[in-house]
Amino acid sequence: MRTTSLMIAAAVLLTASGARGQDATPPETTPTEFAPVNQMDIGLRGTNYATGSDKARYMRYQDLRDGGTVDKFRFSKETTSYGVGVQADHVGYLDQRFFGSYTNYGTLKTSFEWNQTPLFYSETTRTLYSTASPGVLTVPASVQAGLQAKTTTLQQALNAGAAPFDLKSRRDVANFNLLYTPTVALDLNVYARNTNRTGTQPMSAGFGFSGVADELAAPVDTRTTEFGASSQYGGDRAFVKLAYDGSFFRNNIPSLTWSNPFRLTDSPTLGPANGRLSLWPDTNQNTLSVSGAINQMPWHSHATGYVSYGAQSNNDPLIPFTVNSAISSPALPRTTADVQARITAMNYTFTSRPTRTVWLNARYRQYEFDDRTPAFLVVNSVSYDYTLAPGVNLLRDPLSYTRHTFDGDASYSPVSFIGVRAGYTHEEIDRLNRYSASTSENIGRLSADVTGTSWLNVRGVYENSKRVASPVDPAEVLADGEQPALGQFDIASRNHQRITGLVVVTPISDLSFNATAGKIKDEYPDSYFGLNSADNNVYSVGFDAVPLENRVNFGFEYGYEKNTALQTSRYAAHVTSGFPPTFFDPRADWYDNSNDTTYNANASVEIVKVIPRVDIKVGYDYTKGQSTYLYSLSANTILAAPVQVSPVLNEHNMGTFDALYHVSMHLGVGFTYLYDKYTVNDFALGPQANGLVPSPPTAATPSIMMLGYYWMPYTANTFWGRLSYRW
Amino acid sequence: MPKRGDGFPAHLVATALTVFCLAVVAPTAAGAQTTGFVGDETCVTCHDSEGKALRETLHGKSQNARTPAAKNGQACETCHGPGQKHADSGKKEDIRRFTALSARDANEACLSCHRKGDHAEWQGSMHDARNVSCVTCHSVHSPKSEKAQLKTVTVTQTCESCHKQEALKIKKAGHMPVREGKMECTSCHSPHGSNNVRMLKVGNSLNESCVSCHTEKRGPYLWEHAAGRENCASCHDPHGSNNDRMLVAKVPMLCQRCHISSGHPPVVYDQTQLNSGSNRVVGRGCVNCHSQIHGSNSPAGYNFLR
């Protein structure tokens, strides 16, 4: 009792002394105001498009419509005791952003942001469907009747009745953050974020192998609400942090029902009048975490620990197996999804610098995804809302997994500007209900860094890893109708090598040259089928010059990346029972050699007031992507020779010219010209792709009704005049 | 009568821990040091522009007891060390210059204050392991960015000085709105280290980072797509791709890397198939029918058709 009292008294005394230290009064100053730098641009913008240009793809994530602009509004006021900031960009447009912050130095930091990001898919899309109610898309009954009676064709119906609409969506994010520091040692943080997504997005769905897949403008109306709070207490020696994070996703349109253009009435054998699918369910995620660190240990050592525990849930009501009234929908195993998962994560690190030349680091990380959903057994089902599928007897497989990762690194710096490092990682992943129950990977790495000199910067790393997957049970794979020699590349045995290097040479302070090179080689030695190998090669060279500091600078960069992959498959026709005759026949093997190459060059020049009162910026960026998919067959093949698909090409040219004339210290007159040209040739997504599209008709025997959302070319010239006011 | 305290002395341990924690975390008083220190007035005699620039940054707000400026007229020497010798000799070698120090020596000065919050995981992080110095990216006296006191105007410009490959990917046809200014590298990554893999800022796994924005894909679903449950990057390249939806390869070829079986999965989708308008290759390929590819909540959705 006496011992306890003494200890409590000692704690109080120490707290008091610490508190005095925390509350040390800064020097007396009277609040003064500094000269603020505020800005606002008001302008006018217009764009000229070449005929047939895809305006939506030009804009994509930006709203560049013609009209007046209020942009780059910046207002700030700072004193010795507080600071206020207000920002606004693209005011009045779909990509507008507003931001405000208040900081009381040493006590409070708070901010709020409203940020809109549009996603423009297409302005040339057309659809037969109209929205009867949220999540219900219908075609006119006359179309269904005509197609059912075969008095019209789908192409004729599309040409006559598909209505134009803009395919687009938008993400609006409201983000609030508050950090309160009542004492030097204590930080209290709360945040709230709300993300609304609205609009439409392309989504297809079909009615079976003999039907047409319908590309729909699926409605999007979702909200994600997140909030969290944390308290962090500590000082120079140690800190502890407790945190809660909550995330709640709500979808106001939980299912999508759409008309079958070919059926006016439900039939148990000829197809449904409608189809119905489940859209994204409402989900919740709650996470508690505790973390801490101990600093200033002997040998410049530092340790951190982090543990979090989270729960995910999805308990949406289940839609019936089918919306086809002519089929007796099987009984649901349960009325709600009742899907649950628990997530446990840990991260522990220990870093030490026993001497100035030696640095050591060890880390252990664990992540466990534990799917705790009660068993869900589907005895009978319905396929495509079209036909009853009896005797499915499919039990839901929980995909739980646990990952353990250990890292160790040691770095030696014989002189201050050189560091060589050796490291090792061991990772074990145990999985439920995958063909390989576990994988074990060992990774070795070496790196060298020459930094800290004014004229040379060199970085290089080499990594070699070997991942071994546990043996696959061939019977299990065959039971799924899959090839036993299949290696699913995300869990298959893999040999991985990576080497990258970066060199920056600065012979004089005004000029630097840079070059990078990298190579990755992945091989899947146990995967006869699936991905066999994947390589990546990347190079870049460039230079930057600043002949007149803060007045003239220019630079150029060229980059190249090539990804190649080899995958193997075996053709086998569908049979109703047993294995197809070619399932075990290597003469039916085929190979796909893919090659994805990207070239990029960009140049920029900035000239500031070399011409009196004038700032000029000029830039050009060229990117070309080319992908090929080359099919080949085995030497004694029984398959017909493939007709190769054409390469996929994307080419983007973008040039910018910006000039600002400073009329006075407060006023500038600016002009911007943006040239943007995009060309594309895509066998699946370009306009030449076969499919039913609204006028003009394209294909003879199509099996997909499309919206007309393709990857289309454009050429755009945007002109932007502005007044820039500073105060 | 049993003595009080039989069993584990939890109350004593709790008290001892309390005393320990309070002693450990109690910061030292922010008093001025005297040995070898000359004070800010002496420093700005020669380095006036640096002094003025400092006052306009958060480091110069003396009201915040955590800043160098709160240290009783020793704002400069809080970071650069005692200045007496340098003031006497005028030699730059006689003062702590961050560009002349090894990365870890330079970082120790910054970490003496910046060791909590977003910086708590710096030590042992990938950048720390590769000898990246705080002053590689940040400038205390002459920052160019609107926030975070970077040496470049934007975050992306800072990162791409080393990460050239990712900078190139951002320019590909399939990309996130980074080059449009709506996102930047730090939207996903924490360059100062994190508890997540790949220095991702949010969550405890790669997927948790992705679904922090793409929450509709989070699930968990009634029917899960195994490849996507564990790793979004099995199918998507988050930095950029030449393919639709930022996929690492075109559909159906991507899907055929895991799905062989029989029927339509192992078909050679060549130009002949295209000419016939096959919905397995035209448009979005497999996803024309298997549209709920990230997971389905329909009882009939085990093949992601519903």
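The values are calculated or read from the model by the stated rules, or taken from the named source; none is laboratory data. Here the structure is a predicted model, which is why all the values come from computation and not from measurement. Because the Cβ atoms are built from the backbone with ideal geometry, glycine has one as well, and the counts that use them run over all protein chains shown. We work out accessible area using only protein heavy atoms, side chains counted, and drop any ligands, DNA or RNA first. Shrake-Rupley method; radii C 1.70, N 1.55, O 1.52, S 1.80 Å.
Contact map, segment A:134-156: residues that are closer than 12 Å to A:S259 by Cα paired with residues that are small (G, A, S) and open to solvent by less than 40 Å² (accessible area, probe 1.4 Å), Cβ distance under 6 Å, separation 6+ or inter-chain. Pairs shown: A:G135/A:S255; A:T138/A:S259; A:V139/A:S259; A:V143/A:A157. Looking at segment B:197-205, is at least one residue out of contact with any helix residue (DSSP H, G or I) (no Cβ under 8 Å at 6 or more places or on another chain) and under 30 Å from A:R57 (Cβ atoms)? Checked against the condition, which is being out of contact with any helix residue (DSSP H, G or I) (no Cβ under 8 Å at 6 or more places or on another chain) and under 30 Å from A:R57 (Cβ atoms), segment B:197-205 yields no hits at all. A:W280 passes every criterion in (1) modelled with pLDDT of 95 or more; (2) over 26 Å from A:P202 (Cα atoms); (3) among the aromatic types (F, W, Y) apart from (2).
Of all residues in segment A:60-81, those that are under 26 Å from A:P713 (Cβ atoms) have Cβ atoms under 6 Å from Cβ atoms of residues that are acidic (D, E) and not in a strand (DSSP E or B), 6 or more apart or on another chain, in A:Y61/B:E180; A:Q62/A:D95; A:Q62/B:E180; A:D63/A:D95.
When segment A:282-303 is filtered for residues that are more than 30 Å from the chain's Cα centre (by Cα) and open to solvent by 60 Å² or more (accessible area, probe 1.4 Å), the ones remaining, listed by number, are A:I294, A:Q296, A:P298, A:W299, A:H300. Among the residues of segment B:83-127 satisfying the criterion of being part of a helix (DSSP H, G or I) and touching a residue at least 40 places away in the same chain (Cβ under 8 Å), which is surrounded by the most Cβ atoms within 10 Å (Cβ to Cβ)? Among residues in segment B:83-127 that are part of a helix (DSSP H, G or I) and touching a residue at least 40 places away in the same chain (Cβ under 8 Å), the one surrounded by the most Cβ atoms within 10 Å (Cβ to Cβ) is B:H127. A count restricted to segment A:589-644 and to residues that are within 30 Å of B:K171 (Cα to Cα), touching a helix residue (DSSP H, G or I) at 6+ places or on another chain (Cβ under 7 Å) and more than 10 Å from chain B (Cβ to nearest Cβ) stands at 0.
Can you confirm whether B:G60 is buried (at least 18 other Cβ atoms within 10 Å of the Cβ) and within 34 Å of the chain's Cα centre (by Cα)?
Here the answer is yes, as B:G60 does meet what is asked.
Which of the residues spanning segment A:524-558 are open to solvent by 20 Å² or more (accessible area, probe 1.4 Å), touching an Asp or Glu at 6+ places or on another chain (Cβ under 7 Å), of a type in the set (A, V, I, L, M, F, W, C) and within 24 Å of B:D237 (Cα to Cα)? Result: A:A534, single match. Within segment A:198-222, the only residue that satisfies the criterion of being among the hydroxyl-bearing types (S, T, Y) and over 22 Å from the mean Cα position of the chain (by Cα) is A:S210.
Of note, A:P414 satisfies the criterion of being more than 10 Å from chain B (Cβ to nearest Cβ) and closer than 30 Å to A:H300 by Cα. Being closer than 27 Å to B:N204 by Cα, touching a Phe, Trp or Tyr at 6+ places or on another chain (Cβ under 8 Å) and polar (S, T, N, Q) is true of A:N347.
When we screen A:R396, A:R445 for residues that are of a type in the set (D, E, K, R), crowded, with 20+ Cβ neighbours inside 10 Å and at pLDDT 95 or above, the only hit is A:R396. The set of residues from segment A:288-317 being within 9 Å of chain B (Cβ to nearest Cβ), closer than 23 Å to B:R229 by Cβ and not hydroxyl-bearing (S, T, Y) comprises A:G310, A:Q312, A:N314, A:D316. The set of residues in segment A:76-120 being within 20 Å of A:M40 (Cα to Cα) and aliphatic (A, V, I, L, M) consists of A:V84, A:V86, A:A88, A:V91, A:L94. Checking each residue in segment B:63-82 for being small (G, A, S), buried (at least 19 other Cβ atoms within 10 Å of the Cβ) and touching a residue at least 40 places away in the same chain (Cβ under 8 Å) picks out only B:A70. Among the residues of segment B:128-140, not one is surrounded by fewer than 21 Cβ atoms within 10 Å (Cβ to Cβ), in contact with a Gly (Cβ under 9 Å, 6 or more places away or on another chain) and touching a residue at least 24 places away in the same chain (Cβ under 8 Å). Among the residues of segment B:295-302, none qualifies, meaning not one is open to solvent by 30 Å² or more (accessible area, probe 1.4 Å) and either more than 7 Å from chain A (Cβ to nearest Cβ) or of a type in the set (K, R) (or both). Of A:K562, A:K519, all but one fail to be out of contact with any Phe, Trp or Tyr (no Cβ under 8 Å at 6 or more places or on another chain), free of Cβ contacts under 8 Å to residues at least 24 places away in the same chain and of a type in the set (K, R); the exception is A:K519.
Within segment A:372-380, is even one residue more than 34 Å from the chain's Cα centre (by Cα) and open to solvent by 50 Å² or more (accessible area, probe 1.4 Å)?
Looking for residues that are more than 34 Å from the chain's Cα centre (by Cα) and open to solvent by 50 Å² or more (accessible area, probe 1.4 Å), one finds at least one in segment A:372-380, hence yes.
Name every residue in segment B:180-191 that is open to solvent by 40 Å² or more (accessible area, probe 1.4 Å) and more than 9 Å from every other protein chain (Cβ to nearest Cβ), in order of residue number. Scanning segment B:180-191 gives B:E184, B:S187, B:C188, B:H189, B:P191. The requirement of being β-branched (V, I, T) and farther than 30 Å from A:R263 by Cβ is fulfilled somewhere in segment A:396-405, by at least one residue. Residues of segment A:572-603 being in contact (Cβ under 8 Å) with a residue 24 or more places away in the chain, touching an Asp or Glu at 6+ places or on another chain (Cβ under 9 Å) and of a type outside the set (V, I, T), which ones? Within segment A:572-603, A:D596, A:Y599, A:N600, A:A601, A:N602, A:A603 qualify.
Is segment B:215-227 home to any residue that is surrounded by 19 or more Cβ atoms within 10 Å (Cβ to Cβ) and farther than 25 Å from A:R342 by Cβ? Among the residues of segment B:215-227, not one is surrounded by 19 or more Cβ atoms within 10 Å (Cβ to Cβ) and farther than 25 Å from A:R342 by Cβ, which makes the answer no.
Would you say A:I491 is modelled with pLDDT of 95 or more, closer than 21 Å to A:N532 by Cβ and either within 28 Å of the chain's Cα centre (by Cα) or open to solvent by 50 Å² or more (accessible area, probe 1.4 Å) (or both)? Here the answer is yes, as A:I491 does meet what is asked. Evaluate segment A:204-225: report whether one residue or more is open to solvent by less than 40 Å² (accessible area, probe 1.4 Å), more than 18 Å from A:Y129 (Cβ to Cβ), in a strand (DSSP E or B) and in contact with a strand residue (DSSP E or B) (Cβ under 9 Å, 6 or more places away or on another chain). Yes, because at least one residue in segment A:204-225 is open to solvent by less than 40 Å² (accessible area, probe 1.4 Å), more than 18 Å from A:Y129 (Cβ to Cβ), in a strand (DSSP E or B) and in contact with a strand residue (DSSP E or B) (Cβ under 9 Å, 6 or more places away or on another chain).
When A:T131, A:T117, A:T124 are checked against the criterion of being of a type in the set (V, I, T), at pLDDT 95 or above, part of a strand (DSSP E or B) and open to solvent by 40 Å² or more (accessible area, probe 1.4 Å), a single residue qualifies: A:T131.
Could you say which residue among B:L22, B:L54 is assigned to a helix (DSSP H, G or I) and either facing chain A (nearest Cβ under 7 Å) or at pLDDT below 50 (or both)? Spell out how you get there, then give the answer.
Working: B:L54 fails: either facing chain A (nearest Cβ under 7 Å) or at pLDDT below 50 (or both).
None of the other options fit; the residue is B:L22.
Every listed requirement among (1) open to solvent by less than 50 Å² (accessible area, probe 1.4 Å); (2) at pLDDT 95 or above; (3) closer than 30 Å to A:A141 by Cα is met by A:P261 save one, (2).
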